[in-house]
Structure formats: C-alpha cells, structure tokens
Amino acid sequence: MAIYRFKVSFEDFDEVVREIDIKSNQTFEDLHKAIHQSTGYNPEKSSSFYISTDHWIKGDEIAYLPNQRKVDRGVALMENSKLSSFIEDPHQKFYYIYNFDRPFDFHVELIKIILQADPNLQYPAIIKKIGEAPKIIDKNNFGQVAVSSNPVSNDFDFLNEMNFVPEDTEEIEAMDGRGISASQTDDDDHEDDSDTDEFSDDENYEDETYDDKEDY
C-alpha cells in the first residue's frame, strides 16, 4: 500500500513545518487529527481541506464538523473521504483551514509517495517537526495577537516589558510623569488660567446685574 508524505506549514508562520506520513486509504479526518497531534491544538473544531491549485487557490471543500448550510449543500465529509480519491498530481496541494471560529490557515503539499509501508510505524506518523506552533487565541487570551514561539526580535518597548496597564495609576506615578511633554504641561496651565478668568468675569457680571435690580 502506498504511503503519502505531506509537508504541512502555516501560511503566516512559514518557519513552522510538519511532515506527516499517512496511508493512501486513510481519510482526511486521519490527516486532520495527525496535524493537531503535531501542533497540540484541539482537533474537535470545525475545519476544512480544499483542493488547491499550485498558487493556493481553493477549490472543492472537504469538511470536518460542518455547519448546517454546508451540510445542506452536500459538502464532502473528511471522515468519508479517502486521500487517494483526491490525489490527481504527484505534488497535489490542499489548502487547509483549522477552526473557523479562530482560524489558522495551512498549506498542505504532497512531497513524496512511498510504495511500501514501514511495518515499524503506526500511521499517520509524524516524520519531521520544525518550530513550535503559534499560540492559539481562545477565551482566556482573547484580544491578543497569535504570535510565533520563535520571535525574530528581542526588542520590546519598555511599557510592554513592564506589562503596563493604562488603568494602573501606581505605574503612572512610578513613571514620575515621563512621556508627558513640556508643551502638554503648558497647555494645561493655560487651560487653568482661562478657567479662572472666566470665573472672574462671571462674578463681575453677577454684581452688575444685582446693581441694576437695586436701581430699579
């Protein structure tokens, strides 16, 4: 039985790569779960493979846990779709989207066809693992940007380094006013002066009005 070797890479984190061997008669669900055995992500998320062109343009969809609209449309299901039925090219490509709620996009490319299975391996088998999968966005860190575990730079601004939170007034006091320009301070002083002048004018206005009433 033939063995397919797929290279799997994140579209936005190309330094993270996996290579997975899988039997030709196994399904896209088997490949889906093998990918997330290698990333550490929860595989029980709505996801889809798409038959792809060489330029990663999506074609027919093969879905896992599809929504009702896709079911009604008759989308192919991963658990019923053998890999061999969709391999038309020795370098066949699939575009893969994991977890439509918090999506990650992958490029999946057939890079080798092995004619004989290795009796010492249990398939699917993770053959190569390069780089750590990026952090996933969930309810516990919602609002953060998913970042690679291998940052290209160690330069951080000092606020991020301090885990600065705008509401933390103690941090602001500890900064002794740093970051507030002299021009901003002068503007504040001018605003205070103008407030005082306006208040003074109001007092004079009230006195004049009172005098007018007495004369009347």
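The values are calculated or read from the model by the stated rules, or taken from the named source; none is laboratory data. Source: prediction; values computed, not measured. Here the Cβ positions follow ideal geometry from the backbone for every residue, glycine too, while neighbour counts run over all protein chains shown. Each accessible area value is taken on the protein alone, full model and side chains, heavy atoms only, with ligands, DNA and RNA left out. Shrake-Rupley method; radii C 1.70, N 1.55, O 1.52, S 1.80 Å.
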Which ³J(HN,Hα) values in Hz, rounded to whole numbers, follow from the phi angles of region 70-81 under the Karplus curve 6.51 cos²θ - 1.76 cosθ + 1.60, where θ = phi - 60° and Gly and Pro get x? 5, 4, 5, 7, x, 4, 5, 9, 4, 5, 9, 10
What translational diffusion coefficient, in µm²/s and rounded to a whole number, does the Stokes-Einstein relation yield for region 66-133 at 20 °C and a viscosity of 1.002 mPa s, taking the hydrodynamic radius as the Kirkwood radius over Cα pairs? 141 µm²/s
How much net charge surrounds residue 111 when only other residues with a Cβ under 13 Å from its Cβ are counted (Lys, Arg +1; Asp, Glu -1)? +2
Cut-off 12 Å between beta-carbons: net charge of the residues surrounding residue 128, Lys and Arg +1, Asp and Glu -1: +3
Send over the Kirkwood Rh of region 1-96, from the inverse of the averaged 1/r over different Cα pairs, rounded to one decimal Å. 13.9 Å
Counting only protein heavy atoms and rolling a 1.4 Å probe, one gets per residue an accessible area for region 1-144 in Å² of 55 Å²
Mind listing the phi-derived Karplus ³J(HN,Hα) values for region 122-129, rounded to whole Hz, using 6.51, -1.76 and 1.60 with θ = phi - 60°, and x for any glycine or proline? 9, 9, x, 10, 7, 8, 9, 9
Once Lys and Arg are counted +1 and Asp and Glu -1 for all other residues with Cβ under 13 Å from that of residue 76, the total becomes -1
In this structure, the FRET efficiency calculated for residue 120 and residue 11 from their beta-carbon separation, with R0 = 30 Å, to the nearest 0.05, is 0.35
